[in-house]
Amino acid sequence: MSAQTAGKFVSRRIRWDVIGSYLVMIFFALLYIGPILMLVNTSLKTMPSFMKDATSLATELHFENFREAWVKANFPQYLLNSIIYTVSATTIYILTAVFVAFPIARGYVKYSGVILTLFVIALFLPPALIPQFQLILNLGLYNNPIGYIMLFLVNPIGIVILVNYIKTIPKELDEAAAIDGCGYARFVWSIVLPLIRPAIATVIVLHAIGIWNELIAPTIYLTSKQYYPITRGLIVFQGVYGSNWPTLAAAVLLLTLPMLVLFLFLQRYIVSGLTAGSVKG
């Protein structure tokens, strides 16, 4: 076989490999996006057209479903509550998690390896619902937004991600800052935080989505409708308008939109935030 023929054979084989990879990715993309597309299609139908054929494509764009869902589901109040809970809990968690992860990553506290191992073990433990409920009840924070926010101030996966990322930052920066008289809090705030933005973005997305989609906690700890987050409010809406599937589909899309925007805004940081430090001991 001549060199030219071998080159054509290799290029053809590589080309088929690339095509096969794209086909696999397209298949899995459709597998994940398919339910969302079905939801969008349902939300654009009228109730009569949905009852006639639930799986057919929408022949008319009935955006009135979104307006009805926004008004009937009391979305403004529930959406505001969810934004307050998500932003407050995520902000407090990020600020505290960085100050916890930094000394663990640097080994500035005794048994830092053991502490990190405990955080890893906590990932596999079920939530302590009964002790948690008793604590909130005894503190007088039951059916209280402050108590609800306090439920989300601990998340071991964020600590693990931040610790592994901080380990990739040269330790010489710590020594240089100490020589210049930079304090611990100022060093973490001014130097460490800007350097770990990909990890922080990753933790923000994971933590915020967890709070936004939480359903069990608001069902247990919040009994007043004025405190309901959007997920709990959607259950109330489903109980009243559950037979109106196009409007319910529109309500679900309104529920997912804020987190989708957050993910699209921070997606360029997420991969680097998750993979950084994976090859570093």
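Every number in this text was worked out from the coordinates using simple rules, so none of it is lab data. Remember, predicted model here, so these are calculated numbers, not experimental data. Because the Cβ atoms are built from the backbone with ideal geometry, glycine has one as well, and the counts that use them run over all protein chains shown.
A few remarks follow.
- Relative frequency of Cα-Cα separations exceeding 23 Å in the chain, percent: 67 percent
- Centre separation in Å (Cα based) which lies between region 108-134 and region 36-75: 44 Å
- Length-normalised contact order for region 62-150 - Cα pairs under 8 Å, 6+ apart - percent: 26 percent
- Within-15-Å neighbourhood charge of residue 100 [Cβ basis; K, R +1; D, E -1]: +3
- Long hydrophobic helices in the chain, taken as whole DSSP H segments with a C-alpha length of 30 Å or more on their own axis and mean Kyte-Doolittle hydropathy at least 1.0: 75-106, 245-275.
- Summed side-chain charge close to residue 244 - residues other than residue 244 whose Cβ falls under 10 Å, Lys, Arg +1, Asp, Glu -1: 0
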